[in-house]
């Protein structure tokens with residue numbers, strides 16, 4: 001638990017990590033009583049933690065069915081990627097108006113080396129987590145700009161939902177080593193576009209990259 005976190009935020013963080021690690025998968029129930037007993041907190045705290053996960057896009061609550069890890073229909077998955085592509089393109093264009101390209105790409109370039117190391121180690125879960133740090137970095141820039149709060153909030157939820165979808169894809173229809181190598185190379189190209197291309201070309205590149213990821217996912221798993 002970091003300084004400033006509430007107990008509910010700490011519980012939410014643990015549950016979020018459990019989802020990312022595959023301990024919970026899409027459709028699994030998140031039961032307040034079980035969580036409160038396992039983490040030695042009150043049911044009210046567990047309930048508040050689940051509300052945090054629902055807000056962030058990881059969980060969903062249905063009447064008479066309680067909370068569960070978010071699931072998606074084909075149409076919902078398609079919508080997530082379409083929105084994520086559009087909002088990320090806008091976010092990148094706005095980010096490039098406020099910070100030097102060198103500063104942005106400096107935070108992105110380690111993603112490629114880290115992702116390649118994970119591919120070499122056969123850790124596909126690690127590759128996925130590493131590539132999502134690219135999108136986390138962009139969202140962090142938008143958050144620190146400070147005048148686009150709705151964009152930062154929407155990026156966070158869409159990114160989390162896309163990560164859930166990708167985790168489901170890897171569980172049901174995992175990529176081959178060659179596919180992972182190709183994906184890392186495509187992200188390296190995207191970072192090059194962010195570094196060297198004009199703003200409109202960089203915006204188009206990130207939009208097309210996310211759209212391509214969405215098409216690959218929908219074709220493989222949904």
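Quick notes
- Reduced Cα scattering model of region 42-117, Debye log10 I(q)/I(0), q = 0.12, 0.13, 0.21 Å⁻¹: -0.63, -0.72, -0.98
- With contacts taken as Cα pairs under 8 Å at a separation of at least 6 residues, region 7-69 carries a relative contact order of 41 percent.
- Cα convex hull, region 7-69: 73 Å³ per residue, rounded to a whole number.
- Rounded to the nearest 10 degrees, the inclination of helix 74-98 to the longest alpha-carbon principal axis of the chain is 50 degrees.
- Separation of region 147-165 from region 44-73 is 16 Å, based on Cα centroids.
- Against the chain, whose longest principal axis is taken from its Cα atoms, helix 177-196 shows a tilt of about 60°.
- Choice from 41, 141, 111 showing the highest fluctuation, given a GNM over the chain with Cα pairs closer than 10 Å: 41
- Among 8-17, 62-71, the order from most to least packed when residues are scored by Cβ within 10 Å on average: 8-17, 62-71
- In degrees, nearest ten, helix 43-56 long axis to first principal axis of the chain (Cα): 20 degrees
- Spatial extent of the chain: Rg and Dmax, with the Cα atoms as the point set, Å: 17.9, 54
- Whether region 170-222 is rounded, prolate or oblate, judged on the alpha carbon gyration tensor where a/c under 1.5 counts as rounded: oblate
- For region 140-206: Kirkwood Rh in Å [reciprocal of mean 1/r, alpha carbons]: 14.2 Å
Since every read-out is calculated from the coordinates, none of them should be taken as a lab result. Keep in mind the model is a prediction, meaning the values are calculated, not measured. When we count neighbours, we look across all protein chains shown, and the Cβ atoms used for this are built from the backbone with ideal geometry, even at glycine.
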